[in-house]
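Colleague: My questions all concern the structure below.
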Amino acid sequence: MSINERISETPMLNKIIIVVLIVVLIFGGWYYLYYIDSTKKINKLEKEVEKLSAYKRQLPILRVKYKKAQEEFKIYQKELPIKEEIPSLLVKLTDIIKSEDVALLSFKPKNAVDKRIYYLKPIDIRIVSTYKNCGSVFEKVAKMKRLFKIKDFTLTSPKIVSEHRVLLNVNFSAETYYFKNKKR
């Protein structure tokens, strides 16, 4: 018996059921393999579009905040610069020391200490000064725009120069700071 003979002998109801099953299988396969996946992708993209639209609405506010943050950064950068700047710091310190009639004996920067977002640069400094002039130097250093902190200090070897003038050897540690040089 050939296939054509089998089909012609099959009752019409069975033929309709077979055709309906084939159509349902094709539609079901399309639904599960294509339509559900496409619907998930569409929903995901719609959520992303909503999220980006919310960002777009916030963009003018964020631009204003960013501009303000840049201005603040410029102000703070004077106190906490991007690079080490030891030579310029030495020049400023030398100017302060000369203006107070103090002698700079040594200025020894040490290795920088790595902190989270900045480096701490310790410096050992030795000067010869009167007690009053030493205090004036410390005061002027504290008023510098750049962040420069005087730590431990010792006063040793008093030397009487005159009735009203006693020179002291002053050893002190100072710390300066600078940002890590990371790309923004």
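A quick yes/no check of all residues on (1) in a helix (DSSP H, G or I); (2) closer than 29 Å to Arg165 by Cβ; (3) among the small types (Gly, Ala, Ser):
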| residue | (1), (2), (3) |
| --- | --- |
| Thr39 | yes, no, no |
| Lys47 | yes, no, no |
| Pro60 | yes, no, no |
| Ile75 | yes, no, no |
| Ile97 | yes, yes, no |
| Lys108 | no, yes, no |
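Colleague: Hey, another quick one. Return yes or no: is Leu147 buried (at least 16 other Cβ atoms within 10 Å of the Cβ) and hydrophobic (A, V, I, L, M, F, W, C)?
Modeller: no
Colleague: Would you pick out the residues in segment 140-159 that are of a type in the set (D, E, K, R) and either assigned to a loop (DSSP other than H, G, I, E, B) or within 32 Å of the chain's Cα centre (by Cα) (or both)?
Modeller: Across segment 140-159, the qualifying residues are Lys140, Lys143, Lys145, Arg146, Lys149, Lys151, Asp152.
Colleague: If I ask for residues that are among the acidic types (Asp, Glu) and at pLDDT below 85, which ones from segment 82-100 would you list?
Modeller: The answer is Glu84, Glu85.
Colleague: Let me ask something else about it. Would you mind telling me which numbered condition in (1) within 18 Å of Ile86 (Cα to Cα); (2) surrounded by 11 or more Cβ atoms within 10 Å (Cβ to Cβ) Glu139 fails?
Modeller: (1)
Colleague: Hey, Lys56 hits all of (1) closer than 30 Å to Tyr177 by Cα; (2) loosely packed, with under 12 Cβ neighbours inside 10 Å but one; which does it fall short on?
Modeller: All conditions pass for Lys56, except number (1).
Colleague: Still on this structure, I have one more. So which residues in segment 91-120 are under 28 Å from the mean Cα position of the chain (by Cα) and surrounded by 13 or more Cβ atoms within 10 Å (Cβ to Cβ), if there are any at all? Break it down stepwise before answering.
Modeller: Our first condition is that a residue be under 28 Å from the mean Cα position of the chain (by Cα); within segment 91-120, this holds for 109-120.
Within segment 91-120, Pro109, Ala112, Tyr118, Tyr119, Leu120 qualify.
Colleague: Okay, moving on. Looking only at segment 121-130, filter to residues that are touching a Lys or Arg at 6+ places or on another chain (Cβ under 7 Å) and buried (at least 17 other Cβ atoms within 10 Å of the Cβ); which one of those is modelled with the highest pLDDT? Even if it seems obvious, please write down each step before you answer.
Modeller: At the first step, the residues of segment 121-130 found to be touching a Lys or Arg at 6+ places or on another chain (Cβ under 7 Å) are 122-124, 130.
Filter once more, keeping what is buried (at least 17 other Cβ atoms within 10 Å of the Cβ): 123, 130.
Numbers: Ile123: 87, Thr130: 90.
Among those residues, the one meeting the criterion is Thr130.
The values are calculated or read from the model by the stated rules, or taken from the named source; none is laboratory data. These figures come from a predicted structure and were not determined experimentally. Using ideal geometry, Cβ is built from the backbone for each residue, glycine included, and neighbour counts are taken over all protein chains shown.
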